[in-house]
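The values are calculated or read from the model by the stated rules, or taken from the named source; none is laboratory data. Please read all numbers here as calculations on a predicted model, not as lab measurements. FYI the Cβ positions are ideal-geometry reconstructions off the backbone, even for glycines, and counts take in every protein chain you see.
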Amino acid sequence: MKISNIECYPVWGGGRNYFFVVVDTDKGVYGVGEGGITGRELAVQGVVEHFKPFLLGEDAFRIEHLWQKMYRGGFFPAGKIAASAISAIDIALWDIKGKALGVPVYELLGGRTRDRVVCYPHCQRATVEQLVENAQQHVAEGWKFVRWGLSDSIGGDVLEPGRAVRGAIKEFEALRTALGEDVELCFDIHTRLDPPDAIQLCNAVEQYRPFFMEDPIRSESMQSLRVVREHVRTPLAVGEQFAGKWEFRQVIEEELMDYCRVDLGIVGGLTEAKKVAGWCETHYIKLATHNPLGPISTAACLHLNLSSPLVGVQEQPRKPGTALMDVVPVQMEWVDGYLLPPTRPGLGVEFDREAAKAHPFQMAELPHLRREDGSVTNW
């Protein structure tokens, strides 16, 4: 089964773009994948176009071989943009293989280790009261987790650390009081704090039993993450910005995280994510797959989690079947806070190319944050 075509579909989903790749074969079986790096979709598409000439005519079943060829074939190791392109193609190849063999992808990854995968939504708020109300609505729908992120009460494009930390502590207290002990709280610092502020926040909210504190500091320095790790006892979740197993190496080997936020749209697809997951298992680190993307990423994350022995939770911003239904008319099934195993072959989704073309790419930039003095800080 030879690769006959590779086509990119950057799709405007209303407020943001999604990046899909379809791989066709000479047997008529196609696969669909999704890449990450939101806000830089055209750069990822450019890398796919570079890959296309040497992938056409290749055996679509040789997934590991093609992964190595894409990652290492350009002499320079793949960074985040190239790894995102590899991710989309790799996921599509797994979809092809599952369809061709008539089995769901999780069967190719070793079979199911669990019957369902718990997931968490994104809670929205402008005030503490609105956050509590939105979280209660999610719990009433059946979600077992809630998630929200660090922000500044001033709003807009300003984030001042001290004020944001004080606000987060109040939010933790309000949510734990309102939701009780059975609902898990996931908090995303989103790399917006430096070590002293991150340490202060993690220690202050320990009493409210967070499921994890995500990305407490920027991802560039593992030495700084080690400092945070040495000073806090709350579980830490790290890894959504890492491209490839090598970027995970130190944080796994030194056990600097409790939950692995591997992003299948950035790390290198299912091929690389499965390796990272196995490595995490040797250090008792559970998966908390990063999935702020679309329905294809949701499906890929679900298949990885269904086949992995150590899974904490899967990110799921909203219920499947509530967005991009014309582009991806068959999506994963969600019941009472869990994603259920698909029975259809491959990823278990369908992709409508004409519908995707009806939502063409629109230039959009992610928000930018600054300190009150005008200096740049992480969004």
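Does at least one position in the stretch 151-170 carry a residue that is surrounded by fewer than 20 Cβ atoms within 10 Å (Cβ to Cβ) and in contact with a Phe, Trp or Tyr (Cβ under 8 Å, 6 or more places away or on another chain)? No, because not a single residue in the stretch 151-170 is surrounded by fewer than 20 Cβ atoms within 10 Å (Cβ to Cβ) and in contact with a Phe, Trp or Tyr (Cβ under 8 Å, 6 or more places away or on another chain).
Going through LEU175, LEU193, LEU185, LEU225 one at a time, which residue ends up being assigned to a helix (DSSP H, G or I) and within 21 Å of ALA126 (Cα to Cα)? Spell out how you get there, then give the answer.
Working: LEU193 fails: assigned to a helix (DSSP H, G or I); LEU185 fails: assigned to a helix (DSSP H, G or I); LEU225 fails: within 21 Å of ALA126 (Cα to Cα).
One residue alone meets the criteria, LEU175.
Looking across ILE81, ILE86, ILE3, one residue alone is modelled with pLDDT of 95 or more and over 22 Å from the mean Cα position of the chain (by Cα). It is ILE3. So, GLN137, is that one free of Cβ contacts under 8 Å to residues at least 60 places away in the same chain, in contact with a helix residue (DSSP H, G or I) (Cβ under 8 Å, 6 or more places away or on another chain) and assigned by TED's automatic domain parsing to the domain that holds CYS301 or not? So GLN137 does not fit the description; no.
Is there a residue in the stretch 77-92 that is assigned to a helix (DSSP H, G or I), polar (S, T, N, Q) and buried (at least 19 other Cβ atoms within 10 Å of the Cβ)? Scanning the stretch 77-92, I find at least one residue that is assigned to a helix (DSSP H, G or I), polar (S, T, N, Q) and buried (at least 19 other Cβ atoms within 10 Å of the Cβ), so the answer is yes. Taking the stretch 262-275 as the range and being surrounded by fewer than 24 Cβ atoms within 10 Å (Cβ to Cβ) and free of Cβ contacts under 8 Å to residues at least 60 places away in the same chain as the test, only LYS275 passes.
Between ARG72, ARG62, ARG114, the distinction of being in the same structural domain as ILE154 (by TED's automatic domain parsing) and not acidic (Asp, Glu) belongs to ARG114 only. Across the stretch 38-47, what is the total count of residues that are more than 18 Å from VAL327 (Cβ to Cβ) and buried (at least 21 other Cβ atoms within 10 Å of the Cβ)? Of the residues in the stretch 38-47, 1 are more than 18 Å from VAL327 (Cβ to Cβ) and buried (at least 21 other Cβ atoms within 10 Å of the Cβ). Is the stretch 350-367 home to any residue that is farther than 24 Å from GLY33 by Cβ, surrounded by fewer than 22 Cβ atoms within 10 Å (Cβ to Cβ), in contact with an Asp or Glu (Cβ under 8 Å, 6 or more places away or on another chain) and not β-branched (Val, Ile, Thr)? Yes, the stretch 350-367 has at least one match.
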